[in-house]
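First, the structure itself, so that you have it in front of you.
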Amino acid sequence: MADLTLRVCALYPDLLSIYADRGNLQVLERRCQWRGIAFEMTTAAIGEAIDPEAHDLYYLGGGQDRDQRLCADDLVGRKAQSLRAAAERGALVFGICGGYQLLGRSYEIDGDLIPGVGLVDAITVREDGPRLIGNVAIEVELPGMSEKRILAGFENHGGRTQLGSGEHPLGQVLRGHGNDGRSGAEGVLRGSVIGTYLHGPLLPKNVWFADWLIATALPNAAPMAALDDDLEEAAHAAAIRAAGL
Ligand code: GLN
(Lines give C-alpha, C1' and ligand atoms only; values in the text may rest on other atoms or scores of the structure.)
Protein backbone atom coordinates (compact mmCIF):
# COMPACT_ATOMS: atom_id res chain seq x y z
CA MET A 1 0.00 0.00 0.00
CA ALA A 2 3.08 2.25 0.16
CA ASP A 3 2.40 3.73 -3.25
CA LEU A 4 -0.99 5.06 -2.17
CA THR A 5 -1.29 8.72 -1.25
CA LEU A 6 -4.27 10.63 0.11
CA ARG A 7 -4.00 14.06 -1.45
CA VAL A 8 -5.95 16.69 0.47
CA CYS A 9 -6.55 20.30 -0.46
CA ALA A 10 -7.62 22.46 2.51
CA LEU A 11 -9.39 25.62 1.37
CA TYR A 12 -8.84 28.77 3.43
CA PRO A 13 -7.36 26.94 6.44
CA ASP A 14 -6.55 30.26 8.11
CA LEU A 15 -10.12 31.58 7.84
CA LEU A 16 -12.30 28.47 7.85
CA SER A 17 -11.27 26.41 10.85
CA ILE A 18 -13.13 26.88 14.11
CA TYR A 19 -13.84 24.45 16.93
CA ALA A 20 -10.53 22.78 16.11
CA ASP A 21 -11.71 21.76 12.65
CA ARG A 22 -8.08 21.36 11.59
CA GLY A 23 -8.10 18.29 13.85
CA ASN A 24 -10.08 16.59 11.12
CA LEU A 25 -7.08 16.85 8.82
CA GLN A 26 -4.74 15.55 11.51
CA VAL A 27 -6.92 12.48 11.98
CA LEU A 28 -6.90 11.78 8.25
CA GLU A 29 -3.12 12.19 8.19
CA ARG A 30 -2.48 9.88 11.16
CA ARG A 31 -4.86 7.16 10.07
CA CYS A 32 -3.30 7.14 6.63
CA GLN A 33 0.23 7.05 8.02
CA TRP A 34 -0.57 4.26 10.47
CA ARG A 35 -1.64 2.19 7.49
CA GLY A 36 1.33 3.04 5.29
CA ILE A 37 -0.72 5.39 3.11
CA ALA A 38 1.13 8.61 2.34
CA PHE A 39 -0.60 11.90 3.12
CA GLU A 40 -0.11 15.07 1.13
CA MET A 41 -1.70 18.36 2.08
CA THR A 42 -1.99 21.44 -0.06
CA THR A 43 -3.63 24.65 1.08
CA ALA A 44 -5.49 27.17 -1.03
CA ALA A 45 -5.91 30.67 0.39
CA ILE A 46 -7.75 33.65 -1.05
CA GLY A 47 -6.31 34.44 -4.48
CA GLU A 48 -4.91 30.96 -5.06
CA ALA A 49 -6.33 28.70 -7.74
CA ILE A 50 -7.06 25.03 -7.08
CA ASP A 51 -6.25 22.15 -9.39
CA PRO A 52 -9.36 20.01 -10.02
CA GLU A 53 -7.25 16.94 -10.87
CA ALA A 54 -4.61 17.07 -8.15
CA HIS A 55 -6.47 16.10 -4.97
CA ASP A 56 -8.64 13.30 -3.64
CA LEU A 57 -10.41 15.39 -1.00
CA TYR A 58 -11.18 19.10 -0.92
CA TYR A 59 -11.86 20.35 2.60
CA LEU A 60 -13.60 23.45 3.97
CA GLY A 61 -13.87 23.93 7.73
CA GLY A 62 -16.30 26.07 9.69
CA GLY A 63 -16.14 29.82 9.99
CA GLN A 64 -17.57 32.94 11.50
CA ASP A 65 -19.93 34.95 9.29
CA ARG A 66 -17.25 37.61 8.77
CA ASP A 67 -14.66 35.08 7.60
CA GLN A 68 -17.17 33.26 5.41
CA ARG A 69 -17.90 36.56 3.70
CA LEU A 70 -14.18 37.03 3.02
CA CYS A 71 -13.93 33.57 1.43
CA ALA A 72 -17.21 33.50 -0.48
CA ASP A 73 -16.37 35.87 -3.34
CA ASP A 74 -13.03 34.15 -3.91
CA LEU A 75 -14.64 30.70 -3.72
CA VAL A 76 -17.32 31.59 -6.23
CA GLY A 77 -15.15 33.73 -8.46
CA ARG A 78 -11.89 31.82 -8.50
CA LYS A 79 -12.41 28.27 -7.30
CA ALA A 80 -16.01 27.21 -8.07
CA GLN A 81 -15.33 25.86 -11.55
CA SER A 82 -12.41 23.73 -10.38
CA LEU A 83 -14.31 22.51 -7.34
CA ARG A 84 -17.22 21.49 -9.55
CA ALA A 85 -14.87 19.70 -11.96
CA ALA A 86 -13.24 17.89 -9.04
CA ALA A 87 -16.62 16.76 -7.68
CA GLU A 88 -17.70 15.63 -11.15
CA ARG A 89 -14.70 13.32 -11.43
CA GLY A 90 -15.61 11.87 -8.02
CA ALA A 91 -13.17 13.66 -5.72
CA LEU A 92 -14.61 14.19 -2.24
CA VAL A 93 -15.66 17.71 -1.33
CA PHE A 94 -16.22 17.90 2.41
CA GLY A 95 -17.57 21.01 4.14
CA ILE A 96 -18.12 21.60 7.84
CA CYS A 97 -20.66 24.14 9.09
CA GLY A 98 -19.64 27.46 7.49
CA GLY A 99 -17.86 25.43 4.79
CA TYR A 100 -21.02 23.36 4.31
CA GLN A 101 -23.12 26.52 3.97
CA LEU A 102 -20.77 27.76 1.22
CA LEU A 103 -21.27 24.52 -0.74
CA GLY A 104 -24.93 25.48 -1.13
CA ARG A 105 -26.43 28.28 -3.20
CA SER A 106 -26.35 31.10 -0.67
CA TYR A 107 -26.27 32.18 2.96
CA GLU A 108 -28.56 35.12 3.73
CA ILE A 109 -27.94 37.33 6.74
CA ASP A 110 -30.17 40.33 7.35
CA GLY A 111 -31.03 40.64 3.67
CA ASP A 112 -27.39 40.39 2.66
CA LEU A 113 -26.65 37.40 0.43
CA ILE A 114 -23.33 35.57 0.76
CA PRO A 115 -22.99 33.50 -2.41
CA GLY A 116 -22.19 29.81 -2.34
CA VAL A 117 -20.78 27.57 -5.05
CA GLY A 118 -24.04 25.67 -5.59
CA LEU A 119 -22.51 22.19 -5.55
CA VAL A 120 -25.62 21.21 -3.61
CA ASP A 121 -29.14 22.57 -3.83
CA ALA A 122 -29.34 24.18 -0.42
CA ILE A 123 -29.98 27.65 0.89
CA THR A 124 -29.11 28.92 4.34
CA VAL A 125 -30.88 31.79 6.06
CA ARG A 126 -30.02 33.47 9.32
CA GLU A 127 -33.44 33.68 10.93
CA ASP A 128 -34.48 35.44 14.10
CA GLY A 129 -34.18 33.13 17.01
CA PRO A 130 -31.40 31.56 18.96
CA ARG A 131 -28.29 30.03 17.48
CA LEU A 132 -28.51 26.28 17.20
CA ILE A 133 -25.92 25.15 19.70
CA GLY A 134 -25.10 21.92 21.47
CA ASN A 135 -24.00 18.35 21.23
CA VAL A 136 -25.58 16.45 18.40
CA ALA A 137 -25.91 12.86 17.24
CA ILE A 138 -27.15 11.77 13.84
CA GLU A 139 -27.82 8.41 12.26
CA VAL A 140 -26.25 7.90 8.85
CA GLU A 141 -26.35 5.26 6.18
CA LEU A 142 -23.51 5.67 3.71
CA PRO A 143 -22.78 4.06 0.36
CA GLY A 144 -20.88 0.81 0.82
CA MET A 145 -21.81 0.46 4.48
CA SER A 146 -23.88 -2.51 5.56
CA GLU A 147 -25.38 -0.87 8.62
CA LYS A 148 -26.44 2.49 9.96
CA ARG A 149 -23.89 4.26 12.14
CA ILE A 150 -23.89 7.26 14.44
CA LEU A 151 -21.95 10.47 13.99
CA ALA A 152 -21.62 12.59 17.11
CA GLY A 153 -20.31 16.11 17.36
CA PHE A 154 -21.06 19.68 18.33
CA GLU A 155 -22.98 22.34 16.44
CA ASN A 156 -23.09 26.11 16.72
CA HIS A 157 -24.74 27.92 13.85
CA GLY A 158 -27.07 30.84 13.36
CA GLY A 159 -27.91 29.82 9.79
CA ARG A 160 -30.77 27.41 9.06
CA THR A 161 -30.22 25.29 5.97
CA GLN A 162 -33.01 24.05 3.72
CA LEU A 163 -32.22 21.30 1.25
CA GLY A 164 -33.87 21.31 -2.18
CA SER A 165 -36.34 18.48 -2.79
CA GLY A 166 -33.80 16.45 -4.78
CA GLU A 167 -31.14 16.46 -2.06
CA HIS A 168 -30.49 13.84 0.61
CA PRO A 169 -29.32 14.77 4.08
CA LEU A 170 -26.16 13.17 5.43
CA GLY A 171 -28.18 11.82 8.34
CA GLN A 172 -31.23 12.02 10.55
CA VAL A 173 -31.05 13.93 13.80
CA LEU A 174 -31.22 11.75 16.92
CA ARG A 175 -30.25 14.53 19.31
CA GLY A 176 -29.57 18.19 18.60
CA HIS A 177 -30.79 20.57 15.88
CA GLY A 178 -29.26 19.63 12.53
CA ASN A 179 -29.86 21.68 9.41
CA ASP A 180 -32.63 23.87 10.71
CA GLY A 181 -33.87 22.61 14.07
CA ARG A 182 -37.16 21.46 12.52
CA SER A 183 -36.80 19.03 9.65
CA GLY A 184 -34.82 16.30 11.40
CA ALA A 185 -32.34 16.44 8.53
CA GLU A 186 -28.62 16.96 9.11
CA GLY A 187 -26.07 17.83 6.48
CA VAL A 188 -26.12 16.80 2.86
CA LEU A 189 -24.75 13.93 0.80
CA ARG A 190 -24.78 14.32 -2.95
CA GLY A 191 -22.45 11.96 -4.75
CA SER A 192 -19.00 12.83 -3.51
CA VAL A 193 -20.07 16.14 -1.94
CA ILE A 194 -20.65 16.03 1.80
CA GLY A 195 -21.69 18.77 4.17
CA THR A 196 -22.40 18.68 7.88
CA TYR A 197 -22.84 21.02 10.82
CA LEU A 198 -20.87 18.72 13.12
CA HIS A 199 -17.68 20.17 14.57
CA GLY A 200 -15.83 19.29 17.62
CA PRO A 201 -13.80 18.43 15.57
CA LEU A 202 -15.79 15.69 13.90
CA LEU A 203 -13.29 13.04 12.87
CA PRO A 204 -11.46 12.44 16.18
CA LYS A 205 -14.87 11.60 17.67
CA ASN A 206 -15.91 9.45 14.73
CA VAL A 207 -12.87 7.69 13.32
CA TRP A 208 -15.05 5.18 11.49
CA PHE A 209 -16.18 8.13 9.36
CA ALA A 210 -12.58 9.21 8.79
CA ASP A 211 -11.91 5.69 7.51
CA TRP A 212 -14.97 5.83 5.28
CA LEU A 213 -13.69 9.09 3.79
CA ILE A 214 -10.24 7.60 3.17
CA ALA A 215 -11.66 4.42 1.64
CA THR A 216 -14.06 6.41 -0.53
CA ALA A 217 -11.34 8.80 -1.68
CA LEU A 218 -8.92 5.93 -2.35
CA PRO A 219 -10.86 2.90 -3.59
CA ASN A 220 -7.57 0.99 -3.98
CA ALA A 221 -6.91 1.30 -0.23
CA ALA A 222 -9.71 -1.15 0.60
CA PRO A 223 -9.80 -3.30 2.58
CA MET A 224 -8.08 -1.02 5.08
CA ALA A 225 -6.14 -2.47 7.97
CA ALA A 226 -7.87 -2.33 11.35
CA LEU A 227 -6.17 -0.07 13.91
CA ASP A 228 -6.04 -0.18 17.68
CA ASP A 229 -8.99 2.13 18.29
CA ASP A 230 -9.68 1.69 22.00
CA LEU A 231 -9.15 5.37 22.77
CA GLU A 232 -10.96 6.49 19.64
CA GLU A 233 -13.93 4.29 20.44
CA ALA A 234 -14.03 5.69 23.97
CA ALA A 235 -14.06 9.22 22.47
CA HIS A 236 -16.91 8.19 20.15
CA ALA A 237 -18.92 6.75 23.04
CA ALA A 238 -18.29 9.88 25.14
CA ALA A 239 -19.48 12.14 22.30
CA ILE A 240 -22.64 10.06 21.91
CA ARG A 241 -23.26 10.22 25.65
CA ALA A 242 -22.65 13.98 25.65
CA ALA A 243 -25.39 14.30 23.03
CA GLY A 244 -27.75 12.55 25.45
CA LEU A 245 -28.02 9.13 23.86
N1 GLN B 1 -21.26 31.48 10.57
C2 GLN B 1 -22.13 30.36 10.33
C3 GLN B 1 -23.37 30.40 11.18
O4 GLN B 1 -23.36 30.95 12.24
C5 GLN B 1 -21.37 29.07 10.49
C6 GLN B 1 -20.84 28.88 11.89
C7 GLN B 1 -19.89 27.74 12.05
O8 GLN B 1 -19.12 27.38 11.13
N9 GLN B 1 -19.85 27.19 13.25
O10 GLN B 1 -24.38 29.86 10.79
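Taking only the alpha carbons of the range 66-161, what extent do you get along each of the three principal axes, in Å, biggest first?
42, 38, 19
About its Cα centre, how strong a charge dipole does the chain have in debye, to the nearest 20, once Lys and Arg get +1 and Asp and Glu get -1 at the Cβ?
Roughly 180 debye, rounded to the nearest 20.
If you average the sequence gap of Cα pairs under 8 Å that are 6 or more apart and divide by the length of the chain, what percent do you get for the contact order?
Relative contact order comes out at 20 percent.
If the viscosity is 1.567 mPa s and the temperature 4 °C, what Stokes-Einstein diffusion coefficient in µm²/s follows for the range 83-138 when Rh is the Kirkwood radius over Cα pairs? Intermediate values should be presented prior to the final figure.
On the way: Rh = 12.7 Å.
Estimated via Stokes-Einstein, D reaches 102 µm²/s.
Bin all alpha-carbon pair distances of the range 1-83 at 10 Å intervals from 0 and give each bin's fraction as a whole percent.
Percent of pairs per bin, in order: 18, 46, 28, 8, 0.
How high is the relative contact order of the range 154-208, given as a whole-number percent (alpha carbon pairs under 8 Å, six or more residues apart)?
36
In addition: Out of the trypsin sites (Lys or Arg not before Pro) in the range 70-141, which ones are loop residues according to DSSP with at most 10 other C-beta atoms within 10 Å?
Numbers: sites: 78, 79, 84, 89, 105, 126, 131; in loops: 89, 105, 131.
Sites meeting the loop and neighbour criteria: 89.
Given axes a ≥ b ≥ c from the Cα gyration tensor, I'd like to know whether the range 104-245 is rounded (a/c under 1.5), prolate (a/b larger than b/c) or oblate. Spell out each step's value before the answer.
Values: a/c = 2.31, a/b = 1.45, b/c = 1.59.
Here the range 104-245 falls in the oblate category.
Residues of the chain: accessible area per residue at 1.4 Å, in Å²?
Here the residues of the chain average 43 Å² of exposed surface.
With N set to the number of residues, divide the alpha-carbon radius of gyration of the range 129-191 by 2.2 N^0.38 Å and report two decimals.
The range 129-191 yields a ratio of 1.10.
Next up: Where Rh denotes the Kirkwood radius from the mean inverse Cα pair distance, what is Rg over Rh for the range 189-245? Mind dumping the intermediate values first?
On the way: Rg = 12.9 Å, Rh = 12.7 Å.
Looking at the range 189-245, the ratio lands at 1.01.
Next question, about the same structure. Can you find, among 222, 163, 203, the residue sitting farthest towards the positive end of the charge dipole of the chain, where Lys and Arg contribute +1 and Asp and Glu -1 at Cβ?
Of the candidates, 163 comes out farthest on the positive side.
Mind listing which trypsin sites (Lys or Arg not before Pro) in the range 144-200 are in a DSSP loop and have 13 or fewer other Cβ atoms within 10 Å?
Sites meeting the loop and neighbour criteria: 148, 182.
Wrap a convex hull around the Cα atoms of the chain, take a quarter of its surface area, and give that in square nanometres.
On the way: hull surface 48.4 nm².
Directional mean of the projected Cα hull area for the chain stands at 12.1 nm².
How large, in percent, is the carbon and sulfur part of the accessible surface of the range 170-245 at a probe radius of 1.4 Å?
55
The values are calculated or read from the model by the stated rules, or taken from the named source; none is laboratory data. Fair warning: this is a prediction, and the values are worked out from it, not measured in the lab. FYI the Cβ positions are ideal-geometry reconstructions off the backbone, even for glycines, and counts take in every protein chain you see. The accessibility values were calculated without ligands, DNA or RNA, using every heavy atom of the protein model including side chains. Shrake-Rupley method; radii C 1.70, N 1.55, O 1.52, S 1.80 Å.
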